[in-house]
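Written out below as structure tokens is the structure these notes cover.
The values are calculated or read from the model by the stated rules, or taken from the named source; none is laboratory data. Computed from a predicted structure; not experimentally measured. So basically every Cβ, Gly included, is an ideal-geometry build from the backbone, and we count neighbours across all protein chains shown. Keep in mind that these areas ignore ligands, DNA and RNA; they rest on the heavy atoms of the full protein, side chains included. Shrake-Rupley method; radii C 1.70, N 1.55, O 1.52, S 1.80 Å.
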Amino acid sequence: MQHGRLVCVGTGMTLGAHISPLSRRYIEQADVVFVLVADGISEQWIESMNADVRSLQPFYQEGKSRLQSYKEMVKVMLAEVQAGKNVVGAFYGHPGVFAWVPHKAIAIAREQGYQAHMEPGISAEDCLYADLGIDPGTYGCQHYEASQFMFYQCTINPSAYLVLWQIGVAGDKSLTRFSTGISYRKLLLEALQVHYPLDHSVILYEAIGLPLQKARIDCVLLKDLPVSEFSLKTTLVIPPALSMQPNREMLKRLAMLNEQN
Amino acid sequence: MTSIINILEKMGQTTAFEKERKKLSLDSEMLELPLEVQQALNHGNVEQLNQILQVRAQVVCGLHPAEDPDQEDKEKDDEEDEDNKHQKLAQLKSAGDKLRHAG
Ligand SMILES: C[S@@+](CC[C@H](N)C(=O)[O-])C[C@H]1O[C@@H](n2cnc3c(N)ncnc32)[C@H](O)[C@@H]1O
């Protein structure tokens with residue numbers, strides 16, 4: 001094993017409330033911490049835990065491909081690992097949920113013979129289950145990155161919940177925008193209309209980031225999606241529109257099996 | 001300005017029970033802060049806090065591409081391989097043609 005190690009930790013969604021004791025200790029004990037969180041105050045909070053905290057924010061620039069930014073983030077973290085340091089990547093939420101950078105950095109570090117692992121965190125998904133009273137086990141729950149949902153023919157089950165992430169940049173093929181407008185959302189609506197009625201209620205959700213904020217839980221009709229307000233932090237939650245359809249054939253075969261045993 | 005961050009961190013760790021009892025140890029700590037900070041904290045004025053703490057107000061939090069870059073790189077490689085194959089075939093064909101004409 002080479003010297004140098006990478007640990008990607010989650011800081012949770014709400015400042016102070018969600019970080020695990022272990023993740024915090026990794027941040028405190030690292031030689032260098034790279035941070036990517038959802039607001040400037042949380043960034044300063046992480047800075048208060050270690051003398052060498054470096055923000056990954058400067059890698060983003062409007063007009064520059066985010067993919068390029070992501071690759072640069074991976075590179076800068078790995079350079080410190082290769083220099084033999086104990087490196088921590090502190091990412092908001094869960095570092096492995098809709099987060100390419102930490103997964104990629106860990107994979108490359110391992111390929112290069114370094115020790116690397118991930119410590120979980122409380123993600124937006126965890127918060128939405130709590131705040132919206134949703135249990136993914138009740139009807140099932142599908143998750144897609146919003147643009148991916150538009151670019152590919154996804155098989156949607158309207159009897160289950162559908163959660164669309166990064167809805168604020170839905171449809172941005174160039175990866176250079178920090179928001180997409182009404183025309184993009186009209187196309188998203190078209191794609192959703194195939195599965196859901198226009199008067200279906202959907203939820204625009206934003207978990208608490210700073211402990212002085214309130215969660216955003218806005219119910220809107222599907223048809224109003226194009227004119228609704230989104231930020232980079234908004235997640236779209238679509239409740240089931242159809243009751244679950246029994247699989248009669250399978251039920252019959254299971255009944256026969258039960259009779260036999 | 002660490003004290004504001006400390007207070008925010010403690011706010012994040014305050015239970016609803018404590019809030020109901022309205023006996024927060026935080027209250028006395030808050031009183032030690034400048035009035036404008038107390039107001040920003042009480043009113044949940046994040047913009048004002050950003051200014052007081054001099055932190056970046058514009059933060060991007062996307063971390064995930066819609067399309068798997070590794071898959072895209074692979075597809076590009078495959079496409080290039082395919083192009084190379086076509087080029088090589090064309091070269092072989094024209095060399096064969098030349099030989100046939102020469103013959
Ligand atoms: C790159 S993903 C990162 C998710 C993060 N790793 C997590 O564990 O939640 C960014 C997306 O997460 C969701 N998100 C981020 N902050 C959020 C918040 N405060 N409330 C709800 N969803 C949020 C939004 O869909 C946003 O576009």
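Things to note:
- Largest-first principal axis extents of the Cα set of region A:167-261 (Å): 60, 35, 28
- Candidates per GluC sites (Glu not before Pro) in region A:11-63, loop by DSSP, up to 16 other Cβ within 10 Å: A:GLU62
- Annotation for the A:B interface, with buried accessible surface near 3300 Å², both sides summed [1.4 Å probe; non-protein components not counted].
- Whole-percent carbon and sulfur share, accessible surface of region B:2-53, 1.4 Å: 49
- At most 12 other Cβ within 10 Å, DSSP loop - chymotrypsin sites (Phe, Trp or Tyr not before Pro), region A:133-234: A:TYR152
- Rounded if a/c under 1.5, otherwise prolate or oblate - region A:59-98, Cα gyration tensor axes: oblate
- Cα-based shape type of chain A, given that a ≥ b ≥ c are square roots of the gyration tensor eigenvalues and the cut on a/c is 1.5: prolate
- Share of Cα-Cα pairs in region A:215-260 lying beyond 16 Å, as whole percent: 61
- Ranking B:LEU63, A:LEU22 from most to least accessible surface, computed with a 1.4 Å probe over the protein chains only, gives A:LEU22, B:LEU63.
- Taking the Cα centre of region A:195-261 as origin and assigning +1 to Lys and Arg Cβ atoms and -1 to Asp and Glu Cβ atoms, the resulting dipole is close to 180 debye.
- Ranking A:CYS127, A:CYS141 from most to least accessible surface, computed with a 1.4 Å probe over the protein chains only, gives A:CYS141, A:CYS127.
- Anisotropy class of region B:2-53 from Cα gyration tensor, a/c 1.5 cut: prolate
- Seen from a random direction on average, the alpha-carbon convex hull of region A:1-113 projects onto 6.7 square nanometres.
- Of the trypsin sites (Lys or Arg not before Pro) in region A:178-261, those whose Cβ has at most 15 other Cβ within 10 Å and which sit in DSSP loop: A:LYS214
- Estimated from helices alone, the mean residue ellipticity of chain A at 222 nm is -10000 deg cm²/dmol (sum of -39500 (n - 2.57) over DSSP H runs with n ≥ 4, per residue).
- Surface calculation, 1.4 Å probe, protein heavy atoms: B:ASP70 sits at approximately 60 Å² accessible.
- Burial of 20 Å² or greater, region B:28-48 residues [accessible area, probe 1.4 Å, versus chain by itself]: B:GLY44, B:VAL46
- The magnitude of the dipole of region A:125-238, with charges of +1 and -1 set on the Cβ of Lys/Arg and Asp/Glu and taken from the Cα centre, is near 340 debye.
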